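Chemist: Have a look at this one.
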Amino acid sequence: MNTMIAIFIGGGLGSVTRFGISKFITSDYKEINPVGTLTANVISTVILGVILYLSADKFIISPTIKALLIIGFCGGFSTFSTFSYETFELLRTGNYYFAAANLLVSIFLGVGVLFILARSI
């Protein structure tokens, strides 16, 4: 399979999955709520860590499948632009503490999860 096509397919699947998770988690909210995006970003980071762990020495994963999963799926599933937009909207509407909490929790949880998973490689 062509790597570009694999990334395209993975990105589409990741984006639709993120949208579904976000809608499921925030369906009762009428205003900006970044919990769905945070959840998708953390799950994506866990998936990335597991793929990196498995491809280190445990399993042989082809470069195309790795691109589909890491660049495509994880790239589409996690999203910095939505995170930025939601944080901006929280700031714009005066939810300064929620915006600050979103920034801190997203960064520390995302990097922390990957750090913990990477240490086990």
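Chemist: Quick one: Karplus J couplings for the range 64-70, per residue in order, coefficients 6.51, -1.76, 1.60, θ = phi - 60°, nearest Hz, x for Gly and Pro?
Modeler: 5, 5, 4, 5, 4, 6, 7
Chemist: Check each of the chymotrypsin sites (Phe, Trp or Tyr not before Pro) in the range 1-106 and keep only those in coil by DSSP with at most 14 other C-beta atoms within 10 angstrom; list them in order.
Modeler: 29, 59
Chemist: Which of 38, 104, 68 ends up with the largest GNM mean-square fluctuation for the chain, with Cα atoms connected below 10 Å?
Modeler: Looking only at 38, 104, 68, the largest GNM fluctuation is found for 104.
Chemist: I'm spelling it out carefully: the read-out is semi-axes √(5λ) of the Cα gyration tensor in Å, the candidates are [x] 28, 13, 13; [y] 25, 19, 14; [z] 29, 17, 10, and one was derived from this structure. Which label?
Modeler: [z]
Chemist: If we count every other residue with Cβ under 12 angstrom of residue 92's Cβ, Lys/Arg +1 and Asp/Glu -1, where does the sum land?
Modeler: Around residue 92, the surrounding residues sum to -3.
Chemist: May I ask for the net charge around residue 73, where only other residues with Cβ less than 15 Å from the Cβ of residue 73 are counted and Lys, Arg are +1 while Asp, Glu are -1?
Modeler: Around residue 73, the surrounding residues sum to +2.
Chemist: Which residue fluctuates most in the GNM of the chain (Cα springs below 10 Å): 40, 67, 56?
Modeler: Highest fluctuation of the listed residues: 56.
Chemist: Sticking with this one: Give the residue list of trypsin sites (Lys or Arg not before Pro) in the range 15-65 that are DSSP loop and have at most 11 other beta-carbon atoms within 10 angstrom.
Modeler: In loop regions of the range 15-65 (DSSP not H, G, I, E or B), the sparsely surrounded trypsin sites (Lys or Arg not before Pro) are 30.
Read the figures in this text as sums done on the coordinates, not as results from a lab. What you see is a predicted model, and the numbers here were worked out from it, not measured in a lab. Please note: Cβ atoms are built from the backbone with ideal geometry, for glycine as well, and neighbour counts cover all protein chains shown.
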